[in-house]
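Encoded as C-alpha cells, the structure appears first; notes follow it.
What follows draws every value from the coordinates through simple rules; no lab data is involved. Quick caveat: nothing in here was measured; it's all calculated off a predicted structure. Neighbour counts are summed over all protein chains in view; Cβ atoms, including those assigned to glycine, are modelled from backbone coordinates with ideal geometry.
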Amino acid sequence: MIHKLMSIEEVVKKYPETISVFEEYGLGCVGCQAALFENIEQGAEVHGIDVEALITDLNKVAKKST
C-alpha cells in the first residue's frame, strides 16, 4: 500500500506503472533530484495537489499490478 510519507522514488521503483499517475497530476519530478528526498505529501503540497486523491489513484494503479 502506498502512503503519503513514502518517497516518490520508492513508489516509482516498487510500482513503475505509477509514473503515469504522477504525470497526470503534473508531478514530472519522478526523474528529478527532488524525487530522491521528497515524500509524496511534500511533492503534492509544492504543486498544489490534493494528496489524498493522488494516493487513492496511485494505489488503484499499484493494486492492478499485484
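The table that follows gives values for the structure above.
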quantity: Relative contact order computed over the chain (Cα-Cα under 8 Å; 6+ residues apart), in percent; calculated: 46
quantity: Two-decimal ratio, the chain, of alpha-carbon radius of gyration to 2.2 N^0.38 Å; calculated: 0.95
quantity: Which of Gly28, Ile2, Val46, positive extreme of dipole for the chain (C-beta unit charges); calculated: Ile2
quantity: Cα-centre dipole for the chain with unit charges at Cβ (Lys and Arg positive, Asp and Glu negative), debye to 20; calculated: 320
